[in-house]
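What follows is a set of notes on a single structure, which appears directly below.
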Amino acid sequence: MGIRVLPPDVTAKIAAGEVVERPASVVKELVENAIDAGATTVRVEIRQGGRRLVRVTDNGEGIPADEVELAFARHATGKLVSAEDLFDIHTLGFRGEALASIAAVSRVTLVTQAASESIGTLVRLEGGELLHRESKGRVPGTVVTIENLFYNTPARLKFLRSDPTEASHALALVTSYALAYPELRFTLLKDGRLVLQTMGTGEMYNALVDVLGLQVAQQMLLVVPQKLQVVPAGTEESLDGQPATLRVWGYVSSPSLNRSNRRSLLFFVNRCWVQDSSLAYAVEQAYHTLLPRGRHPIAVLNVQVDPAEVDVNIHPTKREVRFRNQRQVFSAVQRAVRRVLINERPIPGVSARPVPLTAEEWERRRQFAHVRHPGGARMVDPGMEMQRTADREPVVVGAQRKLTGLPMLRVVGQLSQMYIIAEGPDGAYLLDQHAAHERVLYEKLKAQRASQNVPSQALLEPLTVELLPQQAAVVGEHQELLLQVGFELEPFGGSTILVRRVPAALVGKDIAAAISEILDQDAKDEAGMSWEEHTLRTLVCHTSIRAGQTLPLEEMRDLVRQLEQTSLPHTCPHGRPTMIHLSAAQLEREFGRH
Ligand code: ADP
Ligand code: MG
């Protein structure tokens, strides 16, 4: 077979395959075009998962009559002028291939009217061929209707999933853009039914409410826009010689709100939706120890960088991006999210429904603090170290306490030898004694480890521990780490080891079990942690107070006080909550006192 140049209709279909994977890709391109056209309302309609019909209606600037055909020409774009513009992109589209590609594999009807013209245009294309053109009046803006997607590429049609699946992809797309563009009013209809409507107030929080619902939105934490220097001056410089700046803002979920998959991690780079696994990883890293294993946060984050610092052109659908300084963008995102999580330290509530605080409720809580804590009277635990100033505001002594954001807790008692019951200024708290102690010990151990000062103790009688061969093999590999955390282990023939020293905290505990668990590579891999992290957590787990242990009041107070001084008092190192909170308002509601 001789070599030949492919006919244009074949190359068009090949190119279309790169841009148009499924109905959601069509939705993406059309919505981006609407946004680029300056629309303030975008209405999306899909039928049968979008394979039957996708229609996007906007009130943007429209296309002038003499440019309508050009819009369907490959590499025709109204947005780029020169090759240099590629590095200074401020619009969502610029490749000029979306309409051409979509038209090649569907039946298109476009009605548009430029704001500057008195009459609009209607064109109809099939398989990329112009079939019909007429003048048509309409209000300024554009309606693009895509019907029978992939009708002429049966192989692609076969790859489409069920209608509900395709619809859910399209839906995810529109909701993503609705969140990223809170100033636009989005409407989404699926098979004639209204499924999404945003108000376009310009407030991202309102878009969250419109898209995710009030209950979820209330549990989202604001990542305040912060200007961060991406490239420290003097080391590496951006193209124009100035250190580049980066802004990260949006919302992330409080740790108590999480999902079983990563689909709720949304990123927009310069307001363009991207799927970037390293950004997702950065956010997940920020939740390190705050989420249970296998759970993922919700995030809607905008990253704004100098267009010269990012290459959005590496993927035909502009879905992936490449930053000039990937590592710094990554760490900026991680720090921004981590800062919010540490500042907020939300406490999981007993019910999934968060109780919004009314002004009266705040006032009531303030009153409560007045009445219940006037200088160590009946209600007040002397351990609380309460003082009263002239203006009768309760003041807690000790700078640490003020820093942590944990409410002042009075220990009431123990429940089921597992939980500590405490009273705070705003209701009741149940603390998991094991989880709380794990948090305390974890932070202590981390600090000791950082200062290379983990207390270790020699055993009077060396202990022999029998391991599995794979566990024994790990001992040699991690000798140094084990030494640093206080273990001195020696081979003792076969897979038996001799334990000479252990971390001081482990004395009197089940040393063999702790060592065996630390050396369990499978457990480590399953948790997806480094050896160091796995070792620290296992140690902490084995040295902390267990469930089933009766605790004297004094010990419980001690624990609560130590917990207050940790940086993340509300979760244990494994991400489980250390406490749950029954607010005064909830109690009143449950008891029908309203
Ligand atoms: P790109 O968006 O990459 O420029 P497209 O093929 O998506 O390429 O669109 C081609 C051109 O058609 C755009 O550059 C724009 O000028 C015009 N266009 C497409 N959709 C619209 C719309 N909804 N409103 C106004 N102009 C549009
Ligand atoms: Mg486009």
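Restricting the search to the range 290-305, which residues are at pLDDT below 85 and not small (Gly, Ala, Ser)? It would help to see each step written out before you state the result.
If we filter the range 290-305 for residues that are at pLDDT below 85, which is where we start, we get 292-294.
Answer for the range 290-305, where residues must be at pLDDT below 85 and not small (Gly, Ala, Ser): PRO292, ARG293.
Pick out, from the range 369-471, the strands (runs of 3 or more DSSP E) lying fully within it that include 1 or more residues that are modelled with pLDDT of 90 or more.
410-415, 419-424, 427-432, 456-466
Yes or no: ARG335 modelled with pLDDT of 85 or more and under 18 Å from MET204 (Cα atoms)?
On the way: modelled with pLDDT of 85 or more: yes; under 18 Å from MET204 (Cα atoms): no.
For ARG335, the condition - modelled with pLDDT of 85 or more and under 18 Å from MET204 (Cα atoms) - is not met.
Evaluate the range 541-562: report whether one residue or more is buried (at least 16 other Cβ atoms within 10 Å of the Cβ), out of contact with any strand residue (DSSP E or B) (no Cβ under 9 Å at 6 or more places or on another chain) and within 22 Å of HIS478 (Cα to Cα).
The answer is yes, given that some residue of the range 541-562 is buried (at least 16 other Cβ atoms within 10 Å of the Cβ), out of contact with any strand residue (DSSP E or B) (no Cβ under 9 Å at 6 or more places or on another chain) and within 22 Å of HIS478 (Cα to Cα).
Being in a strand (DSSP E or B) and modelled with pLDDT of 85 or more is the filter here, so list the residues in the range 254-271 that pass it.
So the first thing to find is which residues in the range 254-271 are in a strand (DSSP E or B), and the list is 259, 265-269.
Within the range 254-271, LEU265, LEU266, PHE267, PHE268, VAL269 qualify.
Pick from GLU117, GLU67: which is surrounded by fewer than 20 Cβ atoms within 10 Å (Cβ to Cβ), more than 8 Å from ligand 1 (Cβ to nearest atom) and at pLDDT 85 or above?
GLU117
Of all residues in the range 243-274, how many are among the charged types (D, E, K, R) and free of Cβ contacts under 8 Å to residues at least 40 places away in the same chain? Break it down stepwise before answering.
Residues of the range 243-274 that are among the charged types (D, E, K, R), as a first pass: 247, 259, 262-263, 271.
Next cut, free of Cβ contacts under 8 Å to residues at least 40 places away in the same chain only: 259, 262.
The qualifying residues number 2.
Does GLY60 satisfy being near ligand 1 (Cβ under 7 Å from one of its atoms) and either at pLDDT 95 or above or in a strand (DSSP E or B) (or both)?
yes
List pairs: first residue in the range 509-538 and farther than 19 Å from LEU441 by Cβ and in contact (Cβ under 8 Å) with a residue 40 or more places away in the chain, second residue among the polar types (S, T, N, Q) and assigned to a helix (DSSP H, G or I) anywhere in the structure, Cβ distance under 7 angstrom, at least six positions apart or on different chains.
SER516/GLN471; LEU519/GLN471; ASP520/GLN471; GLN521/GLN470
The values are calculated or read from the model by the stated rules, or taken from the named source; none is laboratory data. Quick caveat: nothing in here was measured; it's all calculated off a predicted structure. Glycine gets a Cβ as well: all are built from the backbone with ideal geometry, and neighbour counts include every protein chain shown.
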